[in-house]
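To keep things clear, I will list the structure first and then write my remarks on it.
The values are calculated or read from the model by the stated rules, or taken from the named source; none is laboratory data. Because the structure is predicted, anything quoted here is derived from the model rather than measured. Every residue, glycine as well, gets a Cβ built from its backbone with ideal geometry; the counts of neighbours run over all protein chains shown.
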Amino acid sequence: MIDLATVLLPLADGGGFEPPGPSVFEYPPLFGGVTKSMLQLALSVVLIAGVTYLMARRAAIVPGRLQYAGEIAYGGVRNSIAREIIGTEHYLKFVPYLFALFMFVAVNNYFGIVPLIQLPTFSRSGYAYGLAILTWLLYNGAGIWKHGLIGYLKHTCIPSGVKGPVLLLIVPLEFLSNILVRPVTLALRLFANMFAGHLLLVLFAIGGEYLIIESPSLVNVFGGVLAWVMFFAVSVLELLVMFLQAYVFTLLTAMYVGGALADEH
């Protein structure tokens, strides 16, 4: 089997093919400093609000297709994530945020495969970190509401049953892990998956186009066809990854909230 990289690299050295890099995510402002990704965020809000309104507008005991789809999505977040992880006492307070979070991340991820858009919004790191900060404020605020500021810091930084000099090591590590690092890893996981997946799709798409159209030969055409086959295969895989990243982001948010509200660390 021909390794696509061994075909593309000599072409790149010859000055013909330019491998894609981070620049493929850079779009000039459309108007007044508003970028494509900003419009995607606004569009996702409109789409989510419109679709959820249509799902709930004619609620009936026997649901139609749209209502049924909405109930599956809402019920999955409500029962499988919020209630199971946060607990029956407090979970209802957080269901609206968790459901909106799941839908928001999922829609913006799937923009990456929508024709004429083809850009996952969270492949731009600033949006992923901004969303992670909201989650950070939520779970820390919930913990302070439940335990008080000092009580929450004790609950977060001092594991139950740990005493003595070892706390000099444990407390800074727990504070670093639970307070400072969590939003970074939460955002990085979402951003890195969307960034890498989109970059891989661009590589296979334009690499195949170059081999077949710009530099045709028997070997290059074979490599180009293989690249396009991989493009469609990775696209199918990305459908799953985009959903999983929305699910994982929502799941971890619920875990952080549940941990902040728990009686023991």
Exercise for the section: Just need a number here: residues in the range 152-173 that are loosely packed, with under 12 Cβ neighbours inside 10 Å and of a type outside the set (A, V, I, L, M). Expected result: 6
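Considering G197, G161, G208, which residue is within 30 Å of A246 (Cβ to Cβ) and more than 25 Å from the chain's Cα centre (by Cα)? Step through it out loud before you land on a result.
Numbers: G197 fails: more than 25 Å from the chain's Cα centre (by Cα); G161 fails: within 30 Å of A246 (Cβ to Cβ).
Only one candidate passes the filter, namely G208.
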Handout entry: Among (1) surrounded by 15 or more Cβ atoms within 10 Å (Cβ to Cβ); (2) closer than 18 Å to A187 by Cβ - the single one L244 does not satisfy
Key = (1)
Practice task
Sort out which residues of the range 154-171 are assigned to a helix (DSSP H, G or I) and in contact (Cβ under 8 Å) with a residue 12 or more places away in the chain, and write them in order of number.
Solution key: H155, T156, C157, I170, V171
Practice task
May I ask you to verify whether L186 is part of a helix (DSSP H, G or I), under 30 Å from K154 (Cβ atoms) and in contact with a helix residue (DSSP H, G or I) (Cβ under 6 Å, 6 or more places away or on another chain)?
Solution key: yes
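If you check L138 against the conditions, is it farther than 15 Å from H90 by Cβ and in a helix (DSSP H, G or I)?
Working: farther than 15 Å from H90 by Cβ: no; in a helix (DSSP H, G or I): yes.
Against the criterion (farther than 15 Å from H90 by Cβ and in a helix (DSSP H, G or I)), L138 does not qualify.
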Practice task
Out of A196, A227, A205, A192, report the one residue that is among the aliphatic types (A, V, I, L, M) and buried (at least 20 other Cβ atoms within 10 Å of the Cβ).
Solution key: A227
Completion exercise
If we ask which residues in the range 1-48 are within 30 Å of L218 (Cα to Cα), at pLDDT 75 or above and in a helix (DSSP H, G or I), their number turns out to be 1
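Among L92, L54, which is modelled with pLDDT of 90 or more, loosely packed, with under 15 Cβ neighbours inside 10 Å, of a type outside the set (K, R) and more than 22 Å from the chain's Cα centre (by Cα)?
When all the criteria are applied, what remains is L92.
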Problem - Pick from the range 208-219, criterion surrounded by fewer than 16 Cβ atoms within 10 Å (Cβ to Cβ) and without any contact (Cβ under 8 Å) to a residue 40 or more places away in the chain, ranking: farthest from E18 (Cα to Cα) - result: L218
